[in-house]
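Comments concern the structure below.
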Amino acid sequence: MAAFVVLEVLLNVALNVGVVQAIMRRGTDRVVLSWQRAWWLWPMGRLHLRDFTLTKQDPDLWWKVEVESLSARISLASLLSNHVDVKAIDGHGASFQLEPSSAPEEPPSEPGSRPWEIELRDVTLHEVRVLDFSRVRFAGSLDVTGSLHLKSREQLLVDLPSVRVEQGFVEVDAKKVARLETLTARAVLDAPFRDGQGYDLSQALSGQVQAKVELFPLDWINEQLGASAPLSLRGGAGRVDLDVRMQKGALEAGSKVDAQGAELDLRAGPMRARAPWSLQASLEPERPEGPSGQVAVVFAPVRLTGPGGKGVEVPEVALFVFARRRPGDRGFDLEPDLRVAKSQPLDLRVINPWLEQTLEIDSGHVTVRSEERPKGSKARGPLSLRMDTDLVSGSMGKHKVLLRAEVEVDARHLSADLTELGLAGTTLRLSKVSTNGPVPIRAWSGVFTLPRASLSLSPTVLSARFASHLTDTQPLVALLTTSKGLPSFLTSLLNIREVDVTGQVRIDERGLQVRELKAKGQGFSLEGHLDLVRGDITGALLTTIGAVTGAVELRPGHNNLHLVEPKRWFDAQKTPPFR
């Protein structure tokens, strides 16, 4: 009996002075189990621990589990074979923390060495108060049941048959962004160890999460964007109901999300858009005749306003993304479909603060819409956004201009970041273009493609590379002429047909700039650069018509023609960079 008492005392002393932790630390790769106090009425009683901590350091991640109080049954005999076997674990007041980290690769195990194995069975944790994933954090109270099996440098298996949240909050960088009204989940994480890569999480997760979430206003996103970002968000509070199912890291049929929110206020440079929003997403069993998944994001109605408060309303803007699972693959092919209901006419004078140095608009309206479909048609047309004007009247300096414009944006090539909107693949069609300049333009039309284009938001700047096939040279003649009489060298421009034109253009609130301008037709070529501000043109052009080459110096009010060594003169003119 005395020997038993002595053994009991020695065991409890070893548990409290760090002997057991030191033995386990030497035998496990970057896994540390520790506690502040412990007692154990061995062999029949339960092991009791206070302030228990389990820490794991991987080459890319560091994570830690802390439990305020813990009781369990543990096998001492298993410790002799490098095996931590703990069962019937009951814990209260827990937290989990995960952070990115960098650590040197683990050295290979010595030949013949036996890796430590940690097995936690029948785990119940009450009042898990914190789940901290570095910048994203859950704070509240949840209950977890499950098990953990970790075999060093071989496998990590976490089985959580029940995770339940009665209420809690999601925080991003210490800001509350959502409230979890309810959450139930089950999950299995089965990650094999890959030499040189650590635990492979690519196909490790399976399970299901069902939750009801209250979203707080999205103002917190502005701090993520940064103070200098041209975008800002306000409002948009709402609710989310979700049921997400996964099998080995892939979404499973039956997953769905249903969300809706109050008016979202988006400001981008001088423009402002306000609209309530909704989102529905679902994944159905695979169907050979159609997509298995769909995401629909709808804003309706959308109120757009520009400088001065003038605006327009678009009844609905909807983006649908249809998903088809790739044969024999875990991924999806995505097919987007943009639908924009025809807007009310927008008075184009709203853009005068930006465009007036190039073309000051006196009257004219534009409507925005997506490609129309026959009523009842299920076919999805091209993913494009169209803007059409009525007859626009404006002024370029002292000259009057009339035109109609149609812009078609290929939404498949749309891209965006915090500073600009990518508009590659845009097409600009001009028609009924007329001017009253020295050489008037009468009912001219042309089509320009923009293989590269972007719209910066703050300040507002349109930059594009353009290409066009012109049926005649009316715009070039008007460009080169400041009086009714053309120099004899240029008169044949009036009869040139079929001309290809390319270049780069930049339009901002200070005017229009063209660089790398090149035009080529039958017996005709042109290259150069120019700036246009309120009808005044500055620049230099080198023109060849037939066998004659001349250089044109463009200045406000008059142009100079150089026929003596024109190439030498032109090459001496430095092309100014874009502003």
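Details
- Residue in the range 455-509 that is farthest from residue 227 (Cα to Cα), counting only those that are polar (S, T, N, Q) and at pLDDT 90 or above: 468
- Condition check for residue 447: of a type outside the set (D, E, K, R), closer than 25 Å to residue 364 by Cα, under 38 Å from the mean Cα position of the chain (by Cα) and open to solvent by 30 Å² or more (accessible area, probe 1.4 Å): yes
- Candidates in the range 533-579 are the residues that are without any contact (Cβ under 8 Å) to a residue 12 or more places away in the chain and among the aliphatic types (A, V, I, L, M); of these, the one that is most open to solvent (accessible area, probe 1.4 Å) is 564.
- Residue match in the range 241-252 (condition: small (Gly, Ala, Ser) and either free of Cβ contacts under 8 Å to residues at least 60 places away in the same chain or surrounded by 15 or more Cβ atoms within 10 Å (Cβ to Cβ) (or both)): yes
- Residues that are in a loop (DSSP other than H, G, I, E, B) and either aromatic (Phe, Trp, Tyr) or under 25 Å from the mean Cα position of the chain (by Cα) (or both) within the range 316-372 comprise 316, 326, 329, 330, 331, 341, 371, listed in sequence order.
- Failed criterion for residue 172 (all others in (1) within 21 Å of residue 89 (Cα to Cα); (2) surrounded by fewer than 17 Cβ atoms within 10 Å (Cβ to Cβ) hold): (1)
- Verdict on residue 279 being surrounded by 14 or more Cβ atoms within 10 Å (Cβ to Cβ), modelled with pLDDT of 95 or more and outside any loop (DSSP other than H, G, I, E, B): yes
- The sole residue among 295, 340 that is β-branched (Val, Ile, Thr), open to solvent by 30 Å² or more (accessible area, probe 1.4 Å) and closer than 23 Å to residue 410 by Cα is 295.
- Matching option when the condition is in contact with a helix residue (DSSP H, G or I) (Cβ under 9 Å, 6 or more places away or on another chain) and hydroxyl-bearing (Ser, Thr, Tyr), among 206, 232, 292, 255: 232
- Restricted to strands (runs of 3 or more DSSP E) entirely inside the range 152-220, those with at least 3 residues that are modelled with pLDDT under 95 and hydrophobic (A, V, I, L, M, F, W, C) are 155-172, 175-194.
- Qualifying residue in the range 419-440 (condition: open to solvent by 60 Å² or more (accessible area, probe 1.4 Å), within 26 Å of residue 499 (Cα to Cα), hydrophobic (A, V, I, L, M, F, W, C) and in a strand (DSSP E or B)): no
The values are calculated or read from the model by the stated rules, or taken from the named source; none is laboratory data. Note that the structure is predicted; figures quoted are calculated from it, not measured. Glycine also receives a Cβ, built like all others from the backbone with ideal geometry; neighbour counts cover every protein chain displayed. For the accessible areas, the whole protein counts, side chains as well, though only heavy atoms, and no ligand, DNA or RNA atoms are used. Shrake-Rupley method; radii C 1.70, N 1.55, O 1.52, S 1.80 Å.
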